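The values are calculated or read from the model by the stated rules, or taken from the named source; none is laboratory data. Quantities reported herein were computed from a predicted structural model and do not represent experimental measurements. Heads up, the Cβs are rebuilt from the backbone with ideal geometry, glycines too, and the neighbour counts pull from every protein chain shown. Keep in mind that these areas ignore ligands, DNA and RNA; they rest on the heavy atoms of the full protein, side chains included. Shrake-Rupley method; radii C 1.70, N 1.55, O 1.52, S 1.80 Å.
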Amino acid sequence: MISLIDKLYHERALSYDELYMLVENRNKELSEYLFEKARQVRIQYYGHDVYMRGLIEFTNYCKNDCYYCGIRRSNCNADRYRLNREQILNCCNIGYALGFRTFVLQGGEDSYYKDELIADIVSTIKAIHPDCAVTLSIGEKSYESYKMFFDAGADRYLLRHETANCNHYSKLHPANLSLENRKQCLYNLKEIGYEIGCGFMVGSPFQTIDCIVEDLLFIKELEPHMIGIGPFIPHKDTPFANKSAGTLELTLFLLGIIRLMLPNALIPATTALGTIHPKGRELGILSGANVVMPNLSPTDIREKYMLYDNKICTGDEAAECRMCLQNRIESIGYNLVISRGDCVSI
Ligand code: SAH
C-alpha cells in the first residue's frame, strides 16, 4: 500500500482499482505516511501559509429539498432570514478590517435575489475592495446567470458536486435535481473563466467506496482550483436525521489523497470537520488542507444557517472567529496570512 502512495505522489494519479485498494485498506500507519507526503507537497507549493475566506451566509431560504440539508425547503422548523445588500456589504467591511481578502457569498437557492441584485452586490464589493476576490456559492443557475455574475466581477464559484455517482446522487436528492445538471454547471463555470470549486460530503448516507473512487476520479478529470470535502453530519429535521455522521479518519485520509492528486489545489479544512472533532480543522491542515473559512455572518443569524446539527462558532463575532483560528493554526506551526489566496500555478 505504501507503494501506491509513492505512485500517487510521483504520478498524481491512480487507477480506479488502485484508489479502491488504497481507501479500503487504509490504516493508521498508511495514513501517517500519506499525511507526511501531503504536507511535503503543500509546503512545496504554499509553504506554511493558510489562506482564509470570509464566509457570508446571506440567505437560508432554499427552493431545493436535498435530503441531507438543514435548510431544505420542507424543513418548516427552519427560521428563515435574508441579509440585504447593505448588511452584506457591512460584513465585507468588517471582514476587510480583519484582514480578509476573499469573501464567499453562500446561500440557499433563493429566487428573491434576482440575477441583477447579485451582480450589483458583487460589483459593489469589487468597487469598494478591488484587492479582494469574490466567491459565489449559490447553487445551480443558467449559463447566462453565471456569465452575468462573472462579468460583474465574481472571481470564483463553489458548487460541490456532492457525489459523482448517479445512483447515489438520486438517493441524496429529489428527482428534480440531477448529477448531470450539477456537472454541467461546473463545466459552464469553468468555461466562463471562474476559478471553480467542487467537492462532496464524506460518509453521506449510502456512500460506498465505489462512490468515493468515482468522486476522486471526477475531481481529477475536472481539475478544479478548489475542493471542499467535509464529513456528512445529520440534521434533526431532515429525512437523514437518524443516519450516522462521516468520520474524521476517512475525511483526513481523503484530504491527503486529494492533495497528492492536485498538488496546487486550494483545500479547506471545513467547519464540518471542526464540528465532529475539537481539533478537526488543525488535523485537516496537517493532512494537506491549506484554507480555512471562518464565518463573517452577523451573529444574530448564525444559528439559522444550520446545514447540520451542532455547527460550531455560531455564537462568536467575526473578530473572535478570526483570532481563534489564528491561534489554532499557529499552534500547529502554520501561518494565517492576509492574502487573496489565489491558486499557485504548478
Ligand atoms: N445552495 C448552495 C450552497 C449549499 S450549502 C449550493 O447548492 O451549492 C454548502 C454545502 O454544505 C453543500 O454543498 C453540502 O455539501 C454541505 N452540506 C449540506 N448539508 C450538510 C450536512 N448535513 N452535513 C455536512 N455537510 C452538509
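Taken one residue at a time, the phi angles of segment 50-61 give Karplus couplings (6.51, -1.76, 1.60, θ = phi - 60°) of 10, 8, 10, 10, x, 8, 10, 8, 8, 7, 10, 6 Hz. Gly and Pro are set to x.
Descending by average beta-carbon neighbour count within 10 Å, the peptides 236-243, 100-107, 319-326 line up as 100-107, 319-326, 236-243, the highest first. With contacts taken as Cα pairs under 8 Å at a separation of at least 6 residues, segment 232-298 carries a relative contact order of 30 percent. Computed from the C-beta positions of Asn335 and Lys279, the FRET efficiency with R₀ = 30 Å rounds to 0.95.
Placing dummy labels 7 Å off each Cα toward the beta-carbon, the span from Glu18 to Asn310 is 3.8 nm. The helix-based estimate of mean residue ellipticity at 222 nm for the chain, built from -39,500 (n - 2.57) per DSSP H run of four or more residues and divided by its residue count, is -13500 deg cm²/dmol to the nearest 500.
Taking the DSSP beta bridges with both ends in the chain, the antiparallel portion is around 5 percent. Distance distribution note for segment 61-147: the fraction of Cα pairs above 18 angstrom is 48%.
For the residues Thr135, Thr299, Thr314, Thr247, a 1.4 Å probe over the protein chains yields an accessible-area ranking, largest first, of Thr247, Thr299, Thr314, Thr135. Using the Cβ-Cβ distance between Met323 and Glu180 with R0 = 45 Å, the FRET efficiency computed as 1/(1 + (r/R0)^6) comes to roughly 0.55. Shape class of the chain from the Cα gyration tensor (axes a ≥ b ≥ c, square roots of the eigenvalues): rounded, since a/c falls below 1.5. As a calculated quantity, the FRET efficiency between Glu86 and Ser170 at R0 = 35 Å, using C-beta atoms, amounts to about 0.30.
Pairs from the list Lys114/Lys243; Lys63/Lys243; Lys7/Lys171 with a Cα-Cα gap above 32 Å: Lys114/Lys243; Lys7/Lys171. Distant-in-sequence amide contacts of Gly199, defined by a placed amide H-H separation under 5 Å and a gap of 5 or more residues or a different chain, comprise His161, Glu162, Gly228. The modelled label-to-label distance between Ile128 and Ala241, using points 7 Å beyond Cα along the C-beta direction, is 4.0 nm. Long hydrophobic helices in the chain, taken as whole DSSP H segments with a C-alpha length of 15 Å or more on their own axis and mean Kyte-Doolittle hydropathy at least 0.5: 115-128, 209-222, 248-261. Once backbone amide H atoms are built at 1.01 Å from N, Arg73 has Asn64, Asp65, Cys66 as its partners under 5 Å, excluding neighbours fewer than 5 places away on the same chain.
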